[in-house]
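Reviewing the structure listed below.
The values are calculated or read from the model by the stated rules, or taken from the named source; none is laboratory data. Note that the structure is a prediction, hence the values are computed from the model and not measured. With ideal geometry, Cβ positions are generated from the backbone for all residues, glycine too; neighbour counts draw on all protein chains shown. Calculation scope for accessible area: heavy atoms of the full protein, side chains included, ligands and nucleic acids excluded. Shrake-Rupley method; radii C 1.70, N 1.55, O 1.52, S 1.80 Å.
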Amino acid sequence: MNIIVVKNAEEIAKVAYEKIVKAFEGKQEFTLGLATGGSPLGIYDLFRQHKPNVSHVMTVNLDEYVGLAEDDQTSYHTYMAEQLFNHLNFKENHLPDGNAKDLDEACKEYEELLKKHPVDLQLLGLGENGHIGFNEPGTPFNTPTHIVELTESTRNANKIYFENEEDVPTHAVTMGIGSILRAKEVILIASGIKKAEAVKEMLHGKEDIGCPATALQKHSNVTIVVDEEAYSLC
Ligand code: GLP
């Protein structure tokens, strides 16, 4: 794994933004895997400022909550529209359908889409408990897109985005670790002391389903961009 340690979240955004744009610039077509949460906000801000040409870029998001309408203020559909898709003209934008009548079928369809359009570069955040996407500890490393029950830790970390704690969905649809590992390149970003334990485990722990991010150890093209706090236990 290629590890880049920078001063703070702003620097992480700059480094990651430049790497992402360099990867899709000049290509005929490109599939870009995107993430939500607080970590990528600086990157999306740079996209809005610089407005690179993305007309050949198709995006696929990692995950979506179950049971929220697409236009719900707290859905990842809304997050992505507000942060990115309303501002730049991508070729196509896709997120898992967490509001489908038949969720199993929706998962299968999403996995088929990913197989038809292999991800060239996947951007990842990191959960405090080491989750990637919404793949919680204990998820086998070969899982395709699937439905997950969110852990208390994850619901707790995400409650800041909801008006009431009980509004935080209990389930989500997420690309599996198997789906994520098929990406040709992965960039994982993490900042702040709250991520330090997970970063240490991801980099120095044994490859184990107890920490989903350790699955990245066997991937041949991963760059981890972290700040000094997140790297402080390494
Ligand atoms: C959520 C998302 C993940 C994200 C993680 C970290 O659970 N589903 O994709 O990487 O949290 O979020 P943050 O960047 O807000 O710390």
- Select, from I4, I43, the only residue that is open to solvent by less than 70 Å² (accessible area, probe 1.4 Å), within 22 Å of H131 (Cβ to Cβ) and away from the ligand (no atom under 15 Å from the Cβ). I4
- One residue from V60, V66 being in contact with a Pro (Cβ under 7 Å, 6 or more places away or on another chain), hydrophobic (A, V, I, L, M, F, W, C) and within 16 Å of the ligand (Cβ to nearest atom): V66
- Only helices (runs of 4 or more DSSP H) wholly contained in the stretch 151-234 count here; list those with 1 or more residues that are over 22 Å from V6 (Cα atoms). 152-158, 177-181
- Has the stretch 76-83 got at least one residue that is open to solvent by 30 Å² or more (accessible area, probe 1.4 Å) and away from the ligand (no atom under 16 Å from the Cβ)? no
- Task: State the number of residues belonging to the stretch 180-200 that are within 13 Å of the ligand (Cβ to nearest atom) and either within 13 Å of the chain's Cα centre (by Cα) or among the small types (G, A, S) (or both).
- Result: 10
- Message: Criterion first (under 20 Å from P118 (Cα atoms), more than 12 Å from the ligand (Cβ to nearest atom) and either surrounded by 15 or more Cβ atoms within 10 Å (Cβ to Cβ) or without any contact (Cβ under 8 Å) to a residue 40 or more places away in the chain (or both)) does T145 satisfy it?
- Response: yes
- Does the stretch 179-194 contain at least one residue that is touching a Leu at 6+ places or on another chain (Cβ under 9 Å), modelled with pLDDT under 95 and not hydrophobic (A, V, I, L, M, F, W, C)? no
- T223 passes all but one of (1) in contact (Cβ under 8 Å) with a residue 60 or more places away in the chain; (2) among the hydroxyl-bearing types (S, T, Y); (3) farther than 17 Å from E11 by Cβ; which number fails? (3)
- Message: Looking at D72, D97 in this structure, which one is without any contact (Cβ under 8 Å) to a residue 24 or more places away in the chain, part of a loop (DSSP other than H, G, I, E, B) and acidic (D, E)?
- Response: D72
